Amino acid sequence: MMRSLYSGVTGLRNHQTKMDVIGNNIANVNTVGYKSSRVIFQDIYSQTVKPATAASATSGGTNPQQIGLGVQVATIDVMHTKGTPQYTGYALDLSIDGDGYFVIENGTDRTYTRAGNFYVDNNDYLVDANGNFVLALTYDTATPPNITGAAPIQINSAYTDVAIDSKGNITALNGSATVNIGTLAVATFSNPNGLEKSGENSYRPTVNSGTAVLCQPDTDGAGKLNPGTLEMSNVDLTSEFADMIVTQRGFQANSRIITTTDEMLEEIVNMVR
């Protein structure tokens with residue numbers, strides 16, 4: 001009888017976890033570049049009351065008899081589906097149409113983001129909303145040149161009409177002359193679902209995401225850039241509200257298991273009296 005009590009407790013605990021995830025998704029419905037998460041449940045191991053038996057010459061086989069011991073979280077997935085681009089008209093706002101992440105750096109700490117709301121700081125560096133440097137590709141002297149890494153993008157304050165095209169090429173006017181400043185870096189991963197959220201709309205690689213592959217936008221499997229737009233959150237409010245209702249009912253049902261088990265225990269106590 002006590003098994004049902006503890007099964008109900010696991011149900012309450014894990015439905016609360018799912019509600020936490022749903023609440024965070026809804027809170028970030030208007031967060032630029034935000035990727036929603038989902039919770040998947042699985043059962044905990046079962047107690048075998050009677051094992052299976054094989055058929056014999058005189059009788060058939062029997063199936064195992066098992067009692068489950070509750071529920072647990074199998075995974076909390078981040079859904080890396082593309083959000084809808086929203087037009088802003090600002091030249092330094094960028095969204096990625098396809099796979100890939102912008103590469104940002106703060107000191108030696110390099111992270112990756114889909115939020116492309118960038119601006120130029122007082123030292124003429126291209127940075128994100130948190131002051132992290134936005135990186136451009138660096139090349140060697142081979143023909144054709146090979147990508148060797150990434151470094152901060154600096155845009156001279158004397159330049160005008162700064163523009164970034166769909167392939168990440170950054171240009172500006174120096175008087176009447178066009179200046180090529182650099183090429184914005186994007187990174188792809190063999191398993192984006194393995195990335196770890198690190199706050200501030202950014203992600204870190206993990207042992208299961210694979211290492212970052214630096215490339216130019218619209219090449220080597222990376223998506224092209226949409227200048228003058230921002231990628232909005234991919235949260236589907238209709239789906240989140242439906243999940244919230246189902247989760248609430250699941251929580252209520254599990255609480256009912258606990259109260260019913262408690263009533264049964266009370267009946268047993270009263271029998272002794």
Whichever lysines have a C-alpha closer than 24 Å to that of LYS224, once near sequence neighbours (fewer than 8 apart) are set aside: LYS35, LYS82, LYS167, LYS197
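Using a Förster distance of 41 Å, how high is the FRET efficiency between ASN30 and ARG249, based on the Cβ-Cβ distance and rounded to 0.05? Mind dumping the intermediate values first?
Working: r = 28 Å, r/R0 = 0.67.
Efficiency at R0 = 41 Å is approximately 0.90.
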query: Label ASP220 and THR171 with points 7 Å out from Cα along Cα→Cβ: what is the distance between them in nm?
result: 2.4 nm
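Determine Rg/Rh for the range 41-92; Rg is computed over alpha-carbon atoms and Rh is the Kirkwood hydrodynamic estimate from the same atoms.
Numbers: Rg = 25.6 Å, Rh = 16.5 Å.
Using only Cα positions, Rg/Rh for the range 41-92 is 1.55.
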task: Compute the distance in nm between two label points, each set 7 Å from the Cα along the Cα-to-Cβ direction, one at TYR87 and one at SER198.
output: 3.5 nm
- request: Starting from the Cα-Cα distance between ALA54 and SER190, subtract it from 0.36 nm times their residue separation and give me the gain in nm to one decimal.
  value: 44.4 nm
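Only helical DSSP H runs with n ≥ 4 go in: add -39500 (n - 2.57) per run for the chain, normalise by residue count and round the 222 nm mean residue ellipticity to 500 deg cm²/dmol. Don't skip to the end; give the middle numbers.
Values: 2 runs with 62 residues, N = 273.
About -8000 deg cm²/dmol.
So if each residue of separation counts as 0.36 nm, and I subtract the Cα-Cα distance between ARG38 and THR211, what length gain in nm does that give? Each step should come with its number before you reach the end.
Working: separation 173, 0.36 × 173 = 62.28 nm, distance 2.42 nm.
Contour length minus Cα-Cα distance gives 59.9 nm.
If neighbour count is taken as other Cβ atoms inside 10 Å, put GLU267, GLU196 in order from fewest to most.
Details: GLU267 9, GLU196 13.
With the sparsest Cβ surroundings first, the list reads GLU267, GLU196.
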task: Might you report the magnitude of the Cβ-based charge dipole of the range 85-231 about its Cα centre, with Lys and Arg at +1 and Asp and Glu at -1, to the nearest 20 debye?
output: 160 debye
- line: Filtered hits (aspartates and glutamates, Cα-Cα < 14 Å from LYS18, offset >= 8 within chain) -> ASP77, GLU240, ASP243
task: Please go through the range 96-174 and write out the trypsin sites (Lys or Arg not before Pro) that DSSP classes as loop and that have at most 14 other C-beta atoms within 10 Å.
output: LYS167
- prompt: Given R₀ = 25 Å, FRET efficiency for ASP20-THR260 by Cβ-Cβ distance, to 0.05?
  reply: 0.45
message: Using only Cα atoms and rounding to the nearest 10 degrees, what angle (0 to 90) does helix 237-272 make with the longest principal axis of the chain?
response: 30 degrees
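Bear in mind these aren't lab numbers, they're just calculated from the coordinates by the rules spelled out. Please read these numbers as outputs of a predicted model, since none were measured by experiment. Using ideal geometry, Cβ is built from the backbone for each residue, glycine included, and neighbour counts are taken over all protein chains shown.
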